[in-house]
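Each reported figure results from applying straightforward, stated rules to the coordinates on display, with no laboratory input. Values in this document were obtained by computation on a predicted structure and should not be read as measured data. FYI the Cβ positions are ideal-geometry reconstructions off the backbone, even for glycines, and counts take in every protein chain you see.
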Amino acid sequence: MRILLVEDETDIGNAIKRVLIQNNYLVDWAQDGQEANELIEMGLNHYTIAIFDWLLPQISGIDLVKKIRQKQSSLPILMLTAKDSQEDKVIGLDAGADDYLVKPFGMAELLARLRALQRRSPRINPPQLKLGNIILDYSTYTILIHNKIGDKQPIPLTNKEFQLLEYFMKHPNQIVTRDQLLAQLWEWGNEPMSNVVAAQIRLLRRKLEPYGGQNWIETVYGLGYRFIINR
C-alpha cells in the first residue's frame, strides 16, 4: 500500500514516514505543495491514501485536495493541521478531505485513522486477496497456500516479498516490466540498484518452491516477468 505524504516540517515528516514504513506502507514524501503536485501529475493512481499538511509552501494542502477532487479521484485523504476550529474543519472536509487530524497527535491515532480510511474506502485492498490456491491476508500481513489436502500452509515472507507477490497476483498472466515493479514497490526518488528486482524475484521463487510455486513467476526475456499460477 503506497501513501503520498506531504509535510514540510522535517521532524514530523521523518517521524511519520518512519512509523508508516514500520507498518508495511510504502511512502513517497513531498516537502512542499509543488513537489506533491508533480507526484500527483506523474501518477495519482499509484497511491492508495494521501496525508496532507494544510499549510505548505507554494501550494496549500487544501488546494491539493481540490486539485485531486477535480480529477474525479476518490483517493482517501487525511488532513494534518494545527487549525482546530470547527470552521477550519468544515473548510477542509468541504474541500474534499476524508478525515482531519489536529497537531500535535500521537502516531497510534494516525495509524488508527489510516485503518479507518482503509475500511471505508472502496479503493483500498479487501481483507484478503485470493488467486488460485494463494491467499494474501492484509489484516495479519501473511500469505497462505492451500495444499493438496486442503490445509492452509503459511509462507513467511519479508515485506518486500509480500508486496512483490501482491503486485503479481493483481496482474496475473500479464507481462510486468522491471520499471513497473520499481515504480510500484520502491519510493519515488529512492530507487535501488538496477539488479534489485531480479534479486527479489529470485528470493521469492525460493520461498514459493517448497509449496509448488517454483514455476509461477516466469521470466519473459527482454520484456519482464509474468505470474502464471495455473499451469
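Using only the Cα atoms of segment 7-95, construct the convex hull and provide its projected area averaged over every direction, in square nanometres to one decimal.
Numbers: hull surface 22.8 nm².
Result: a mean projected hull area of 5.7 nm².
Give me the Kirkwood hydrodynamic radius of segment 1-53, using the inverse of the mean 1/r over all pairs of distinct Cα atoms, in Å to one decimal.
Values: mean 1/r = 0.0913 Å⁻¹.
When all Cα pairs of segment 1-53 are included, the Kirkwood radius is 11.0 Å.
Computed from Cα positions, the angle between helix 61-70 and the longest principal axis of the chain comes to roughly 60 degrees.
Cα axis of helix 107-120 to longest principal axis of the chain: angle in degrees, 0 to 90, nearest 10? Once rounded, one gets 70 degrees.
Rounded to whole numbers, the Karplus 3J(HN,Hα) couplings from phi for segment 158-169 are 6, 4, 5, 5, 4, 5, 5, 5, 4, 5, 4, 5 Hz, using 6.51 cos²θ - 1.76 cosθ + 1.60 with θ = phi - 60°, and x at Gly and Pro. When shorter helices are ignored and each DSSP H run of at least 4 residues is given -39500 (n - 2.57), the per-residue value for the chain at 222 nm works out to -12000 deg cm²/dmol.
For the options THR140, THR158, THR48, a Gaussian network treatment of the chain with springs between C-alpha atoms closer than 10 Å singles out THR140 as fluctuating the most.
Would you mind calculating the relative contact order of the chain from Cα pairs under 8 angstrom and at least 6 residues apart, reporting the percent as a whole number? Don't skip to the end; give the middle numbers.
Details: 326 pairs, mean separation 29.9, N = 231.
13 percent.
Over every Cα atom in segment 62-138, the radius of gyration and the widest Cα-Cα span, Dmax, amount to 15.3, 51 Å. Kirkwood analysis of the chain, using all unique Cα-Cα pairs, places the hydrodynamic radius at 19.1 Å. For segment 34-181, a crude dipole built from +1 on the beta carbon of Lys and Arg and -1 on the beta carbon of Asp and Glu, taken about the Cα centre, is about 540 debye to the nearest 20. In this structure, the amide hydrogen of ILE59, modeled 1.01 Å from its nitrogen in the peptide plane, lies closer than 5 angstrom to those of GLY33, GLN34, counting only residues at least 5 positions away or on a different chain. Using a cut-off of 18 Å between alpha-carbon atoms, which lysines can reach LYS89, once sequence neighbours fewer than 8 places away in the same chain are excluded? Excluding near neighbours in sequence, the set is LYS66, LYS103. Mean-square fluctuations from a GNM of the chain, with a 10 angstrom spring cutoff on Cα atoms, peak among TRP29, TRP216, TRP54 at TRP216. Bridgeable lysines around LYS160 (alpha carbons under 19 Å apart, same-chain partners fewer than 8 residues away excluded): LYS17, LYS130, LYS170, LYS207.
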